[in-house]
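Below is one structure, written out as structure tokens; comments come after it.
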Amino acid sequence: MNKPSILVARAIFPEVLQSLAQVFEVESNQADEVWSAAELTRRMQGKVGALTTGSERIDTALLQANPQLRIVANMAVGFNNFDVPAMTAAGVVASNTPDVLTETTADFGFALLMATARRITESEHFLRAGQWTKWSYDMFAGAEVHGSTIGIIGMGRIGQGIARRAAHGFGMNVIYHNRSRLSAELEAECKASYVSKEELLKTADHVVLVVPYSAESHHTIGAAELAQMKSTATLVNIARGGIVDDAALAKALAARQIAAAGIDVFEGEPSVHPGLLKVPNVVLTPHIASATIKTRRAMAQLAADNLMEFFTKGQAVTPLNTVAGRTA
Ligand code: GLV
């Protein structure tokens with residue numbers, strides 16, 4: 001029997017590719033070229049499954065041009081590159097990679113918070129530039145982390161991981177805002193108190209964004225919200241580009257309306273707003289919150305398992321939608 005054909009749209013671990021090749025006819029992209037929408041649509045021709053990353057958009061135009069497609073497995077927990085309602089309507093299963101990256105991403109959120117509050121990259125640039133000629137009492141004095149108040153917007157699995165680190169590791173006061181309130185049990189475990197977004201912005205020393213991207217969460221933090229924050233506060237975005245209005249943030253940082261920011265995700269990435277590149281009080285990283293070898297391997301394997309289980313057992317492991325009447 002012919003193996004089903006799939007597309008692996010970006011470079012992945014060779015061993016994961018090999019395991020896929022046991023079950024599928026695989027077209028891969030180990031050169032890791034970034035394809036245009038037209039090229040992706042063309043490469044999808046004849047494929048019944050695909051493994052994508054957050055960079056490939058699956059929309060109505062691609063689905064209409066590929067009526068044979070049955071499943072697209074995203075190697076990411078976020079899936080705003082998928083038009084899930086359009087996929088469901090087209091009978092295409094969508095899947096993502098939850099859980100396997102939770103703790104690693106929470107570690108990174110905390111690392112970015114620490115680097116931002118304690119001005120680590122700014123001081124390293126100063127040292128590398130040969131500007132360190134003497135010690136002085138307020139040199140790169142930053143904001144306190146332990147014992148301060150952290151405000152987490154988006155209290156899903158990753159937000160909760162950050163809350164646990166903050167409360168149990170750093171004795172921080174944890175406040176959070178979320179679409180829905182956590183159970184009393186989870187709030188106790190995270191030592192977290194639910195507050196309005198406004199109260200969070202006004203009282204937090206460190207605001208951390210972990211909310212999924214959607215039309216409703218677009219520009220969760222813009223000029224008005226930045227104006228509500230303390231002038232000594234830091235802002236950390238490990239959620240998605242578009243959750244923060246990057247132009248407004250660059251302006252607020254330049255004006256020292258807030259003290260500093262740590263940003264891993266950008267509007268229009270891999271482009272970065274030029275205003276952010278100019279200001280010293282921001283730590284910038286290229287969307288690497290889940291980037292450890294162990295976790296990226298687990299994400300790739302889970303995406304591959306979604307494809308393999310769908311075609312061998314009729315059910316993806318971590319589907320995002322229910323596709324009526326479709327089995328492999
Ligand atoms: C990374 O940003 C992810 O969504 O997994």
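Among the listed pairs 230/294; 134/251; 202/251; 202/294, which are separated by more than 29 Å between their Cα atoms?
Violating the 29 Å limit, Cα to Cα: 230/294; 134/251; 202/294.
Enter the angle in degrees (range 0 to 90, nearest 10) between the Cα long axis of helix 14-23 and the first principal axis of the Cα atoms of the chain, meaning the one along which they spread out most.
In the chain, helix 14-23 runs at an angle near 30 degrees to the longest axis.
What is the Rg over Rh value, at two decimals, for the stretch 247-321, using alpha-carbon atoms and the Kirkwood definition of Rh?
1.24
I need the fraction of alpha carbon pairs in the chain separated by more than 28 Å, rounded to a whole percent.
That fraction is 46 percent.
Less than 18 Å from a label point 7 Å out along the Cα-to-Cβ axis of residue 186: which backbone N atoms in the stretch 98-134 qualify, by residue?
98-107
Can you tell me the orientation of helix 293-313 relative to the chain, as the angle in degrees between its alpha-carbon axis and the longest Cα principal axis, to the nearest 10?
30 degrees
What is the Cα centroid distance between the stretch 264-324 and the stretch 69-91, reported in whole angstrom?
Centre-to-centre (Cα) distance: 14 Å.
Taking just the C-alpha trace of the stretch 175-223, give me its Rg and Dmax in Å.
Cα only, the stretch 175-223: 11.7, 35 Å (Rg, Dmax).
Suppose the chain between residue 21 and residue 312 were pulled fully straight at 0.36 nm per residue; how much longer would it get relative to their current alpha carbon spacing? Mind showing how you got there, number by number?
On the way: separation 291, 0.36 × 291 = 104.76 nm, distance 1.37 nm.
That pair, residue 21 and residue 312, stretches by 103.4 nm at full extension.
Compute the Cα gyration tensor for the stretch 186-300, then decide on rounded, prolate or oblate, letting a ≥ b ≥ c be the square roots of its eigenvalues: rounded whenever a/c is under 1.5, prolate when a/b is larger than b/c in the other cases, and oblate in all that remain.
Oblate, since a/c reaches 1.5 and b/c is not below a/b.
Roughly speaking, what is the stretch gain from residue 121 to residue 135, that is 0.36 nm per residue apart minus the C-alpha to C-alpha distance, in nm to one decimal?
3.3 nm
Subtracting the Cα-Cα distance from 0.36 nm times the residue separation, let me have the gained length for residue 84 to residue 256 in nm, one decimal.
57.9 nm
Using R₀ = 45 Å, calculate the FRET efficiency as 1/(1 + (r/R₀)^6) where r is the Cβ-Cβ separation of residue 195 and residue 2; round to 0.05.
Calculated value: 0.20.
Measure off 7 Å from each Cα along the Cα-to-Cβ vector at residue 216 and residue 32, then give the distance between these two points in nanometres to one decimal.
The answer from the label model is 3.6 nm.
Hey, can you grab everything whose amide H is under 5 Å from the amide H of residue 51? Only 5+ residues off in sequence or another chain; H modelled, so Pro and N-termini drop out.
Placed amide hydrogens put 7, 8, 9, 73 under 5 Å from residue 51.
Any idea which of 280, 130, 206 is furthest toward the positive side of the dipole for the stretch 102-284, if Lys and Arg beta-carbons carry +1 and Asp and Glu beta-carbons -1?
Working it through, the farthest residue towards the positive pole turns out to be 130.
Quick check: pseudo-label points 7 Å beyond the Cα along Cα→Cβ at residue 39 and residue 223, how many nm apart are they?
3.8 nm
Under 5 Å between amide hydrogens, which residues at least 5 positions from residue 208 or on another chain qualify, with H placed 1.01 Å from N in the peptide plane?
Under 5 Å from the amide H of residue 208: 151, 152, 153, 236.
Per DSSP H run of at least 4 residues, take -39500 (n - 2.57); add these up for the chain, divide by its residues and hand me the 222 nm value, nearest 500 deg cm²/dmol. Mind showing how you got there, number by number?
Values: 13 runs with 118 residues, N = 328.
Here the helix-only value at 222 nm equals -10000 deg cm²/dmol.
Rule-based calculations on the coordinates, nothing more; no lab input. Being a predicted model, the structure only gives us computed values, none of them experimental. Heads up, the Cβs are rebuilt from the backbone with ideal geometry, glycines too, and the neighbour counts pull from every protein chain shown.
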